[in-house]
Amino acid sequence: MLEINGAVEAEWPDEGVAAHYGDPAREQRAMTRGQVLVDRSNRGVVKVTGADRLTWLHSLTSQHVERLAPGVTVEALILSPQGHLEHHLTLADDGTATWISVEPHTAKALVDFLSSMRFMMRVEIEDLSGALVVQTLAGPLPAEGGVLARTDGGAAGSAPFLAEGEVATVMRNPFGTDLIVPPGAAGKLAETFPVAGMWAFEAVRIAARVARPGLDTDHKTLPHEIGLIESAVHLSKGCYRGQETVARIHNLGHPPRRLVFLHLDGSVDRLPAHGAPLTLPDGTQVGFVGSAARHFELGPIGLGLVKRSVDTNATLLADGVAAAQEVVVPPDAGANVTVTLRLDSVPQPPAGRRML
C-alpha cells in the first residue's frame with residue numbers, strides 16, 4: 001500500500017502503513033460519504049484453534065465469549081492482577097477458529113501470555129501477523145450489506161479481491177468493517193475502493209471519543225478510566241484476572257482518572273506530543289496527552305487522561321497548547337451499587353426507648 005502514488009509512511013505506532021496519500025482532509029471527507037480502504041496491516045493477527053478455545057478465552061478475558069456465535073465480533077481485555085489494561089482484543093469466531101486482532105507491536109507479548117496459560121487445555125495458538133493482514137473498510141455501510149465475504153469458514157462467495165480458495169475473516173469495528181486477508185488481497189481492495197491513511201482514520205476515531213490502547217493509556221490504566229466497561233467488559237461473568245478491581249470500582253468506588261476530549265487551540269501551528277503533560281494554567285500537572293489529530297471540521301483535537309478531581313470546566317494546557325476539555329468519562333463513573341434496606345433489617349430500639 002505504500003507503493004500507491006502519494007503515500008507517506010506513518011510514524012510510531014503505525015510504521016509500515018500510510019499516514020496519508022497526499023490529502024488527509026480529503027480522505028477524511030471521503031470517509032463520511034462512503035466506504036474507503038484504510039491499510040492497517042501493521043496490526044497483529046492471532047489465531048486460536050482447538051475444542052476448548054472459547055471456554056479457555058472466556059476464563060482469561062473480561063468478555064463473555066464461552067458461547068460466542070460464529071461471525072459475532074466482540075471486544076475483550078486481558079488485565080493484570082491489579083486490574084490494569086495489558087491487552088485489548090477484537091475477536092470473532094468462525095466456528096472452527098477464533099481470530100484476534102490486536103494493536104501493532106503487541107501480538108508477540110499476547111501469544112507469549114496465552115501460551116503460558118495453556119496448561120492442559122485443548123488449544124493451539126498461532127501468530128499470523130504479516131502472513132495475514134487487517135484491511136479496514138471505514139465509513140457507512142452500503143444498503144446492500146457491504147463486503148462479500150463470510151466469517152463462518154465457508155466459501156467467500158463472489159468477493160473479487162480474494163483468490164481461489166481464500167477466505168476473508170470479517171470483524172466489525174466502531175467505524176466500519178475489518179477484513180483479515182492474505183497480503184495480496186490488499187492491493188486488489190485498493191483497486192476497488194478509494195484509500196485513506198491513518199491520519200484520517202485517527203482523526204475520525206478521536207472525534208468519536210474512542211480511546212486507543214497504547215496511545216491513550218499507560219501501564220496504570222483501568223478499564224473504567226477510558227470507557228471500556230460498556231464495550232469490552234461483561235460485568236456478570238465468572239472470575240478472570242483483574243476482576244476484583246473492576247468489580248470494586250464499578251460497585252463501590254471511582255477510577256482515579258478519566259478520559260477527556262480536547263478542543264485544541266487552532267492558532268498554534270503544532271499538535272501536542274503523545275505523552276506530553278496536561279496541566280492547569282498555573283503549571284500543575286493533572287494528566288497526560290494521548291492522541292491528537294487535525295479534523296477537517298473540528299480543527300485540532302485530542303484525547304487525554306486527567307485526575308478525576310480536575311474541575312470539568314477547567315481550561316487545560318496540552319504540551320503548552322490551550323485546550324478546552326469535554327467530558328468523556330464522568331467524574332462519578334463507577335459506584336453503581338444501590339443499597340435498599342428493608343424495614344425489618346433496621347435495628348429497632350428496646351421498648352420504652354427511641355433512637356436519636
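The values are calculated or read from the model by the stated rules, or taken from the named source; none is laboratory data. Please read all numbers here as calculations on a predicted model, not as lab measurements. No Cβ is skipped: glycine too gets one built from the backbone with ideal geometry, and neighbour counts run over all protein chains shown.
The residue list 256, 281 contains one member that is exposed (fewer than 15 other Cβ atoms within 10 Å of the Cβ) and in contact with a Lys or Arg (Cβ under 7 Å, 6 or more places away or on another chain), which is 256.
Consider residue 201 carefully, then state whether it is in the same structural domain as residue 159 (by TED's automatic domain parsing), out of contact with any His (no Cβ under 8 Å at 6 or more places or on another chain) and either crowded, with 17+ Cβ neighbours inside 10 Å or at pLDDT below 95 (or both). Spelling it out, residue 201 is indeed in the same structural domain as residue 159 (by TED's automatic domain parsing), out of contact with any His (no Cβ under 8 Å at 6 or more places or on another chain) and either crowded, with 17+ Cβ neighbours inside 10 Å or at pLDDT below 95 (or both).
Name the one entry in 215, 305 that is closer than 30 Å to residue 66 by Cα and modelled with pLDDT of 95 or more. Even if it seems obvious, please write down each step before you answer.
Numbers: 305 fails: closer than 30 Å to residue 66 by Cα.
On inspection, the qualifying residue turns out to be 215.
Scanning segment 233-267 for residues that are of a type in the set (S, T, N, Q) and either in a loop (DSSP other than H, G, I, E, B) or assigned by TED's automatic domain parsing to the domain that holds residue 318 (or both) yields a count of 2.
Which of the residues spanning segment 97-124 are among the aliphatic types (A, V, I, L, M), in a strand (DSSP E or B) and surrounded by fewer than 21 Cβ atoms within 10 Å (Cβ to Cβ)?
Residues of segment 97-124 among the aliphatic types (A, V, I, L, M): 97, 100, 102, 107, 109-111, 114, 117, 120-121, 123.
Going one step further and asking which of them are in a strand (DSSP E or B), we end up with 97, 100, 102.
If the condition is that a residue be among the aliphatic types (A, V, I, L, M), in a strand (DSSP E or B) and surrounded by fewer than 21 Cβ atoms within 10 Å (Cβ to Cβ), then 97 is the only one that fits.
Return a yes/no flag: does segment 162-183 have any residue that is more than 16 Å from residue 27 (Cα to Cα), free of Cβ contacts under 8 Å to residues at least 40 places away in the same chain and buried (at least 23 other Cβ atoms within 10 Å of the Cβ). Yes, because at least one residue in segment 162-183 is more than 16 Å from residue 27 (Cα to Cα), free of Cβ contacts under 8 Å to residues at least 40 places away in the same chain and buried (at least 23 other Cβ atoms within 10 Å of the Cβ). Among residues of segment 103-122 that are hydroxyl-bearing (Ser, Thr, Tyr), those with a beta-carbon under 6 Å from a residue that is surrounded by 15 or more Cβ atoms within 10 Å (Cβ to Cβ) at least six positions away or on a different chain give the pairs 106/44; 115/125. Of all the listed residues (225, 230), the sole one being at pLDDT below 95, closer than 25 Å to residue 79 by Cα and either under 15 Å from the mean Cα position of the chain (by Cα) or assigned by TED's automatic domain parsing to the domain that holds residue 319 (or both) is 230.
Do we find that residue 232 is in contact (Cβ under 8 Å) with a residue 60 or more places away in the chain and of a type in the set (A, V, I, L, M, F, W, C) in this structure? Criteria met by residue 232. Scanning segment 18-43 for residues that are small (Gly, Ala, Ser) and more than 22 Å from residue 101 (Cα to Cα) turns up 22, 25, 30, 34. One residue is enough: does segment 139-158 have a residue meeting the conditions part of a loop (DSSP other than H, G, I, E, B) and either modelled with pLDDT of 90 or more or of a type in the set (Lys, Arg) (or both)? Yes - at least one qualifying residue is present in segment 139-158.
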